[in-house]
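Data first, discussion second: the structure below is written as structure tokens.
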Amino acid sequence: MAARRRKGTVGALLLTPGAGADRDHHTLVALEEALEPLPVARVDFPYRKEGRRAPDRAPKLIACVVEEAGALAESRSIDPASIVLGGRSMGGRMCSMAVAEGLPAAGLVLISYPLHPPGKPEKLRTEHLPDLRVPCLFVSGTKDPFGTPDEIEAATATIPGAVTHVWIENGRHDLRGKDPVVVGAVQDWLAGLATSATG
């Protein structure tokens with residue numbers, strides 16, 4: 001059993017994939033490798049574990065996040081509130097919804113956050129954002145059809161927690177070839193969290 005980390009520090013990172021991917025998505029793997037020795041858990045949602053392609057409804061996905069966060073805290077003997085949650089696209093959104101519903105977290109890493117379906121800017125997925133009281137990192141491409149920089153910045157202005165935006169020039173939703181930039185953004189942000197916790 002790992003030693004219990006001091007309260008206020010980042011104890012681990014839980015990463016979830018987008019709707020069309022699994023825990024072995026290259027960006028999630030790159031993050032785990034770069035952040036060592038920080039414990040990183042890459043997890044699959046139930047529909048992926050069961051071999052299905054269509055995602056479950058949000059309540060089941062959120063319940064999975066809550067369960068996996070609890071398992072990670074127990075396995076590493078860390079405070080659940082020391083875990084940073086997040087992931088790509090739908091996975092990150094489900095983590096943010098879980099935190100908005102009360103799941104303890106040290107922060108959220110939201111890569112290619114799907115603010116709205118492509119071509120449907122009126123269908124915003126923002127109802128829960130005012131309930132996010134933890135630091136949030138948004139890493140998105142400037143050409144992402146799921147949300148423009150202006151749209152995302154307007155929506156995230158409703159978040160009470162500290163919000164950091166990293167924009168990847170000309171990046172689309174998949175952020176193809178941009179893993180080093182994503183990894184660097186997450187590393188810098190996590191280092192800032194650790195600094196603020198000890199400052």
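Things worth noting here:
- Sorting R93, R57, R52 from the fewest to the most surrounding beta carbons within 10 angstrom yields R57, R52, R93.
- Cα gyration tensor shape of region 113-199, rounded if a/c is under 1.5, else prolate or oblate by comparing a/b with b/c: oblate
- Shape category assigned to region 12-198 from the gyration tensor of Cα positions, a/c cut at 1.5: rounded
- Listed by chain and number, the lysines whose C-alpha is less than 19 Å from the C-alpha of K143, apart from same-chain residues fewer than 8 away, are K120, K123, K178.
- Among S77, S89, S140, the largest mean-square fluctuation in a Gaussian network model of the chain (Cα springs under 10 Å) belongs to S77.
- Chain lengthening between R53 and E151 when straightened (0.36 nm per residue, less Cα-Cα): 32.4 nm
- Placing a label point 7 Å from the Cα of H128 along the Cα-to-Cβ direction, the residues of region 77-104 with a backbone N closer than 14 Å are 85-104.
- Most fluctuating residue given options A12, A154, A73, as computed from a GNM of the chain linking Cα atoms under 10 Å: A154
- Taking Cα centre as origin and charging only the Cβ of basic (Lys, Arg, +1) and acidic (Asp, Glu, -1) residues, the dipole magnitude of the chain rounds to 280 debye.
- Computed label-point distance, nm, for sites E101 and S77 using a 7 Å Cα→Cβ extension: 3.1 nm
- At most 14 other Cβ within 10 Å, DSSP loop - GluC sites (Glu not before Pro), region 101-199: E101, E122, E127, E169
- Residues of region 146-172 falling in the label zone of D188, defined by backbone nitrogen less than 17 Å from a point 7 Å along Cα to beta-carbon, are 163-171.
- Think of it as helices only: each DSSP H run of n ≥ 4 in the chain is worth -39500 (n - 2.57), and spread over all residues that comes to -11500 deg cm²/dmol at 222 nm.
- Candidates D44, D22, D56, ranked by Gaussian network fluctuation over the chain, Cα under 10 Å, top entry: D56
- Sorting C95, C136, C64 from the fewest to the most surrounding beta carbons within 10 angstrom yields C64, C136, C95.
Coordinate-derived values only; no laboratory data. Being a predicted model, the structure only gives us computed values, none of them experimental. Cβ sites come from the backbone with ideal geometry, for glycine too, and all protein chains shown count toward neighbours.
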